[in-house]
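The values are calculated or read from the model by the stated rules, or taken from the named source; none is laboratory data. Computed from a predicted structure; not experimentally measured. Cβ placement follows ideal geometry from the backbone for every residue including glycine, while neighbour counts extend to all protein chains displayed.
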């Protein structure tokens, strides 16, 4: 299992560097922020260069996700930092609206996790609004535990990847 995780981290690191050719030197690996880029986003980023104002730019240079502790909708300090970067980016690229998707790990009932995912997405939205983003540009959706980001094999790492709010450009 550790070999698989290490392989995924190495692949994500290589992907962030290869997809970031035209970007400035400050491209960052999303895995370094505590999470991996999902395969569909990673594939899209690999196919399109990291052009300023693009989805790849947003994911790699700003960060599209904030992570939460078990059974909590409270933003962590690093999540607040990510949302501040998102707000600055959205103030620059005003043509985008966003959807914030709230997710949970598989523990708990479907109903409970839908409510928790909504509270997480709402906390992220509230932080963006407090940073000056018009609330009309932000939608929230809760997937609860119904759309896991990674397979939940019972490891804490897998659970952590699914306790997240992900900002998607519309």
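What's the total number of residues in the range 157-170 that are in a loop (DSSP other than H, G, I, E, B) and either more than 22 Å from residue 58 (Cβ to Cβ) or modelled with pLDDT under 95 (or both)? Qualifying residue count for the region: 0. In the range 53-75, the residues that are at positive phi reach residues that are in a helix (DSSP H, G or I) and surrounded by 24 or more Cβ atoms within 10 Å (Cβ to Cβ) with C-beta atoms within less than 7 angstrom, at least six apart or across chains, in these pairs: 63/30; 63/82.
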